[in-house]
Amino acid sequence: DLKEKGIDFSDVAILGLKESHIKFIKSIKALGKKIEDIENLLVDSSLRYKGLEKDVIISVYPDFPSDTSSKSRLYAQIYTGITRPKKLLYLIIGENNFKNLTDDVREW
């Protein structure tokens, strides 16, 4: 979809939650090769990307087991990831993460 929209991969970052997610994302095949082999396409963690921006951000936040004490860290990562795009955001989020996030926002 990005190529069809004329977006160069140097303007795109894929952001994940932690190293194991990033490794998994890099191993996914797209355009006939692994994502890590697509020239100029950045894959990194949301927290490491704090303070940086790209035209397009693809934020990937799958569900994973976590305890209550790590909720604030999860929210910080999600917030950082979804506030990095200058033009377009694609958000891929697990059902539980989405529910927990929206429930907690309603309580605030």
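Read the figures in this text as sums done on the coordinates, not as results from a lab. None of these values were measured; they are calculated from a predicted model. Positions of Cβ are backbone-derived with ideal geometry, glycine not excepted, and every protein chain shown enters the neighbour counts.
Would you work out the relative contact order for the chain, in percent, from Cα pairs under 8 angstrom that are 6 or more residues apart?
28 percent
Could you work out how far helix 95-107 tilts from the main Cα principal axis of the chain, as a 0 to 90 degree angle to the nearest 10?
Roughly 50 degrees between the two axes.
Rounding to the nearest 10 and keeping the result within 0 to 90°, find how far the Cα-based axis of helix 71-82 lies from the longest principal axis of the chain.
The helix 71-82 is inclined about 30 degrees to the chain.
Percent antiparallel among DSSP beta bridges with both residues in the chain, to the nearest 5?
10 percent
Modelled label-to-label distance, S27 and N40, 7 Å Cα→beta-carbon offset: nm?
2.8 nm
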